[in-house]
Amino acid sequence: MLVLLPGLDGTGKLLTTFVQALAQVLCAPWETQVIAYPKDEPLGYDELERRVRGALPDDRPFVLLAESFSGPIAIRIAASPARAMRGVILCGTFARNPYPLLGGSSGLPGAHQVAASLGSGAAHVGLEERGPRARASGARHRPSGRCGGQTPHQGAVIDGPHLLLQAAPQECAAAVGQWLLRQPGFT
């Protein structure tokens, strides 16, 4: 199962095209769950993390995919993962607050802590956006090698703007689908 966390829009509606493209890549509908955030109440990362944890499946293995705003939530969850969590995919997101003067997202675990928490049987992958806007904003992350010496860590570089899953759904679905199919228990 693939659990998706939306970007700042919080609805998950922008993920529809990507989910459809992923079904085509995998040649079958893939079980997905999009966890939307409440529109009527302002919540910080602590509250959102609690809500996401409460909505995660505990009866079957899953991989968590987080886009943009949701990256820190996925990183926090990966640092102390749910029993059934097998990996995390980060897309166009950040591990440190890109605007530290505004506060928030402090206390995020480091990559080594996330790798150790996920354990040797799980993995994580990053999708990096590459384009004029991404370069100008400095939003670059190039995963490679092993993270923390324990967990396989790989990435894909896909040309496009920050909303990469929306701008390049086929390319992102291909990268995510190929990675999912290599994971034990997900074929």
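Look through region 24-63, keep the residues that are over 18 Å from the mean Cα position of the chain (by Cα) and of a type in the set (A, V, I, L, M, F, W, C), and return whichever of them is nearest to Pro169 (Cα to Cα). Here the residue is Val25.
Results for (1) at pLDDT below 70; (2) out of contact with any helix residue (DSSP H, G or I) (no Cβ under 9 Å at 6 or more places or on another chain); (3) on the phi > 0 side of the Ramachandran plot; (4) part of a strand (DSSP E or B), shown as yes or no for each residue.
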{"position": "Gly155", "(1), (2), (3), (4)": "yes, no, no, yes"}
{"position": "His162", "(1), (2), (3), (4)": "no, no, no, no"}
{"position": "Gln166", "(1), (2), (3), (4)": "no, no, no, no"}
{"position": "Leu180", "(1), (2), (3), (4)": "no, no, no, no"}
{"position": "Gly185", "(1), (2), (3), (4)": "yes, yes, yes, no"}
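Beta carbons closer than 6 Å, at least 6 apart along the sequence or on distinct chains, pair a first residue in region 29-57 that is over 13 Å from Pro6 (Cα atoms) and aliphatic (A, V, I, L, M) with a second that is surrounded by 11 or more Cβ atoms within 10 Å (Cβ to Cβ) and at pLDDT below 90 for Leu56/Ala82. Among the numbered conditions (1) in a loop (DSSP other than H, G, I, E, B); (2) touching a helix residue (DSSP H, G or I) at 6+ places or on another chain (Cβ under 8 Å), the only one that Leu22 does not meet is (1). For region 157-187, the set of residues classified as of a type in the set (Phe, Trp, Tyr) and touching a Pro at 6+ places or on another chain (Cβ under 8 Å) consists of Phe186 only. Checking each residue in region 38-65 for being assigned to a helix (DSSP H, G or I) and of a type in the set (A, V, I, L, M) picks out Leu48, Val52, Ala55.
Every condition in (1) more than 18 Å from Pro169 (Cα to Cα); (2) touching an Asp or Glu at 6+ places or on another chain (Cβ under 8 Å); (3) hydroxyl-bearing (Ser, Thr, Tyr) holds for Thr93 except the one numbered (1). Is it true that some residue in region 89-107 is at pLDDT 90 or above and either over 16 Å from the mean Cα position of the chain (by Cα) or in a helix (DSSP H, G or I) (or both)? No. Taken over region 34-73, the residue count meeting the criterion of being surrounded by 15 or more Cβ atoms within 10 Å (Cβ to Cβ), under 21 Å from Leu163 (Cα atoms) and of a type outside the set (A, V, I, L, M, F, W, C) is 7. Scanning region 74-86 for residues that are modelled with pLDDT under 90 and buried (at least 24 other Cβ atoms within 10 Å of the Cβ) turns up Ile75, Ala78.
The values are calculated or read from the model by the stated rules, or taken from the named source; none is laboratory data. Only a predicted model underlies this, so the values are computations on that prediction, with no experimental measurement involved. Virtual Cβ from ideal backbone geometry, glycine too; neighbours counted across all protein chains shown.
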